[in-house]
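The values are calculated or read from the model by the stated rules, or taken from the named source; none is laboratory data. All figures in this text were calculated on a predicted structure; none of them were measured in a lab. Cβ: placed from backbone, ideal geometry, glycine included. Neighbour counts: every protein chain shown.
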Amino acid sequence: MYFLKWVNRIVTCILVLLLVSVAGLVLSTKITNGEPSVFGYQLKTVLSGSMEPGIQTGAVIAVKSVNEEEKENLQKGDVVTFIEENRLVTHRIVEVRQTDSRIQYMTKGDSNNAPDTNPVLAENVEAVYNGFTIPYLGYFINFAQSPNGSILFMIIPGTLLLGYSIWTIWKTLRHLEDKYKNNPI
């Protein structure tokens, strides 16, 4: 009986933690318009192999947002996330160019044969990659954000938790009823 109580508590804790964790990630994603953030770092999913082997397709990377001053002090070799044609790209700076009024960065994906054709203006740089990557997690996050993923990670655990709560309440009421039948007041 003592063992079953501990199993009961462990299962309850796991279900609650899973539900709260997923709800927190979903809430964080909604608040930041699809950009989950952990300890000030934005988490980005890598969608192409242009930075392999260092950053694999399907990995999640942590990037740190940069302010205007930091955007102009980037160096050759820094890996930056920038806006290009309304999408985010993460590539390495291979050359820094100073024009009369602007700083431009020539970038290149590590596995690409040639640098990117268009220079990146400093104001288009959004963040700097710090070297933290989790391989394959991006595939999981993309699935979790899909309708099937929402069902699997939100609705099913919520339903299980609700069913488990109903079962626990029913079991407790039955126990109290049996106790009252055996020892009426």
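Of the residues making up segment 53-103, those that are on the phi > 0 side of the Ramachandran plot and either out of contact with any helix residue (DSSP H, G or I) (no Cβ under 6 Å at 6 or more places or on another chain) or not in a loop (DSSP other than H, G, I, E, B) (or both) are 77, 85, 86. Only one of the listed residues (20, 7) is at pLDDT 80 or above, in a helix (DSSP H, G or I) and assigned by TED's automatic domain parsing to the domain that holds residue 146. That residue is 7. Within segment 69-85, one or more residues are touching a strand residue (DSSP E or B) at 6+ places or on another chain (Cβ under 8 Å), closer than 17 Å to residue 114 by Cβ and in contact (Cβ under 8 Å) with a residue 12 or more places away in the chain. Considering only segment 161-172, I want to know if a residue exists there that is aliphatic (A, V, I, L, M) and either part of a strand (DSSP E or B) or surrounded by 11 or more Cβ atoms within 10 Å (Cβ to Cβ) (or both). Yes - at least one qualifying residue is present in segment 161-172. Number of residues in segment 98-144 that are more than 23 Å from residue 64 (Cβ to Cβ) and either basic (Lys, Arg) or in contact (Cβ under 8 Å) with a residue 60 or more places away in the chain (or both): the value is 4.
Using the structure shown, decide if residue 131 is small (Gly, Ala, Ser) and surrounded by 13 or more Cβ atoms within 10 Å (Cβ to Cβ).
No; evaluated as a whole, the condition is false for this residue.
Right, residue 156: in contact with a strand residue (DSSP E or B) (Cβ under 8 Å, 6 or more places away or on another chain), of a type in the set (A, V, I, L, M), under 30 Å from residue 11 (Cβ atoms) and surrounded by 11 or more Cβ atoms within 10 Å (Cβ to Cβ) or not?
no
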